[in-house]
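No value in this document is a laboratory result; all are computed from the given coordinates. Just so it is clear, the structure is predicted and the values come from calculations on it, not from any experiment. Neighbour counts run over all protein chains shown; Cβ positions are idealised from the backbone, glycine included.
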Amino acid sequence: MLLRALINECRSDVDDLVEDYLWTDDDWTAYFNDAVNEACSRAHLLIDGTTASICQVPIVAGTGLYTLDSRVLAVKRVKLSDQTIPLTQSTWETLDATVLDWENLTGDPKVFVNESKTELLLVPKPAVSDTAYLRVARLPLVVMTDPDNHSPEIPEEYHRGLMLWAISRAYLKNDEDTLNLRKSQMYEAKFTAKFGPSVSAKAEKMRQRTPRDARVRWRGFGF
């Protein structure tokens, strides 16, 4: 759906159909950008393995730590171009418990760690330069600015769900004709029922660490 159609439906829901509007187009556009980011953060609605600027990382021999695009929420899969099997996801704690002096190993990477959103660690450090191909959960590529030409990047089946967050934010506008904390909380609760709870920093860290964490067999490295 175009952002314009979503804004019109929101105006109908909040009974703001007569100009001068209580909430401007710019207000609603900001609310919907916030809504799509919130939905993606909670539910990982955008999974991407093809956007080169985000999903292809140049690997430098001897370097194990890489900074990812700021829109990356979590890395789901890593595969190097010269390897046939994707890397196994692990954690710092698992490496410390199972691999002696892993920080100083160099060779063919076996695992990746993604405990912070935009940090990717390969272990061992790659011995040769390569390209890592990622599959990630991410935020939208483009910030919506034009209601008549932009639409949310997430699947259309979720577009109307974004209205719940947008209206919740609208009722927080600090004006005597717009501020309504009870209605804001009601719409936010409906949004949470659809997309899941807000992800705390602690929960986000656990979510990034949990998938595919495994003990690594370091064959060929003397362990």
Helix 25-43: inclination vs the chain longest Cα principal axis, degrees, rounded to 10, gives 40 degrees
Scalar couplings 3J(HN,Hα) for region 122-130 by Karplus 6.51 cos²θ - 1.76 cosθ + 1.60 (θ = phi - 60°), nearest whole Hz, x for Gly and Pro, are 10, 9, x, 4, x, 7, 10, 5, 6
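Using helices alone, I'd like the mean residue ellipticity at 222 nm for the chain: each DSSP H run of four-plus residues gives -39500 (n - 2.57), total over residue count, nearest 500.
Numbers: 7 runs with 77 residues, N = 223.
It lands at -10500 deg cm²/dmol.
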Please list the non-local residues whose amide H lies under 5 Å from the amide H of Ala74, H modeled 1.01 Å from N, same-chain partners needing a gap of 5 or more.
-> Ala137
Calculated from backbone phi, Karplus (6.51, -1.76, 1.60) coupling profile of region 89-99 in Hz, x at Gly/Pro = 7, 9, 9, 4, 5, 5, 4, 4, 7, 10, 10
Val128's amide H: which non-local residues (gap 5+, or another chain) put their own amide H closer than 5 Å, with H modeled 1.01 Å from N in plane and none for Pro or chain starts?
-> Gly62
Taking amide H positions as placed in the peptide plane 1.01 Å from N, state which residues far from Glu119 in sequence (5 or more) or on other chains have amide H under 5 Å from it.
-> Leu68
At a Förster radius of 41 Å, what calculated FRET efficiency corresponds to the Cβ-Cβ distance of Asp148 and Ala189, to the nearest 0.05?
-> 0.85
What's the longest bit of the chain with no exposed GluC sites (Glu not before Pro), using DSSP loop states and at most 12 other Cβ atoms within 10 Å as the test?
-> 20-175
Per residue of region 115-120, in order, report the coupling 6.51 cos²θ - 1.76 cosθ + 1.60 (Karplus, θ = phi - 60°) as ³J(HN,Hα) in whole Hz, putting x for Gly and Pro.
-> 7, 10, 3, 10, 10, 10
What's the angle, to the nearest 10 degrees (0 to 90), between helix 181-195's Cα axis and the longest principal axis of the chain?
-> 40 degrees
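Taking 28 Å as the cut-off for C-alpha to C-alpha distance, list the pairs among Lys173/Lys194; Lys76/Lys173; Lys76/Lys125 that go past it.
Values: Lys173/Lys194 23 Å; Lys76/Lys173 37 Å; Lys76/Lys125 20 Å.
Pairs exceeding 28 Å: Lys76/Lys173.
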